[in-house]
1. Across 10 Å bins from the origin, how do the percents of Cα pairs in the chain run, short distances first?
2. I'd like the per residue volume of the convex hull spanned by the Cα atoms of region 113-188, given in cubic angstrom.
3. Can you put 92, 176 in order of Cβ neighbours within 10 angstrom, beginning with the fewest?
4. Per the helix-only calculation at 222 nm, which mean residue ellipticity applies to the chain, given -39500 (n - 2.57) for every DSSP H run of n ≥ 4 and division by its residues, nearest 500 deg cm²/dmol?
5. How many angstrom lie between the Cα centre of region 107-153 and the Cα centre of region 1-20?
6. Which of 11, 43, 135 has the fewest other C-beta atoms within 10 Å, and how do the rest follow up to the most?
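Computed from the coordinates by the stated procedures, all read-outs in this text should not be read as laboratory data. This is a predicted model, so every value here is computed, not measured. Methodologically, a virtual Cβ is constructed for each residue, glycine included, from the backbone with ideal geometry; neighbour enumeration extends over all protein chains shown.
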């Protein structure tokens with residue numbers, strides 16, 4: 001016959017042990033898949049990262065100094081992991097120019113996050129769509145239907161009314177003394 005206290009200790013130990021082994025197995029799987037993924041992709045060099053948090057523990061204030069130190073160690077193009085998201089950092093003007101001239105189509109895509117799938121209708125809005133025929137068509141429609149000169153001229157009166165209301169709200173207070181005005185709510 002085992003006492004209740006002894007039984008609770010046994011269950012507590014078993015729970016702790018199973019949690020510990022679950023974490024170890026998760027980290028091992030993560031490390032193996034991470035190293036396997038990096039073998040197949042030609043990533044630029046970068047500092048070694050931890051599973052789960054990546055390089056977040058190495059980012060110190062001020063950030064530009066941290067990035068400068070990484071650049072002096074690993075060159076003008078290096079890779080970091082922000083959590084489980086790989087990021088390529090480009091720190092030289094020549095490399096940035098090459099990215100925007102020679103490799104602009106490759107680098108034009110946006111990350112395909114789960115939030116983009118649900119909030120942007122399977123990545124079909126102009127803000128979430130990957131570069132390609134859909135994005136070019138959305139951009140063309142947006143340019144013609146919203147930002148063409150004729151469409152902007154049609155909405156001139158609306159913009160003028162909004163500016164008038166903003167200025168009227170700013171000058172609506174007591175005119176005999178200076179008043180601090182909070183502007184953030186006026187522009188949102």
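1. Percent of pairs per bin, in order: 7, 16, 20, 20, 18, 11, 6, 2, 0.
2. Hull volume over Cα atoms, normalised by residue count, gives 137 Å³.
3. 176, 92
4. Calculated from helices alone, the mean residue ellipticity at 222 nm is -17000 deg cm²/dmol.
5. Each part reduced to its Cα centre gives a spacing of 56 Å.
6. With the fewest neighbours first, 11, 43, 135 line up as 11, 43, 135.
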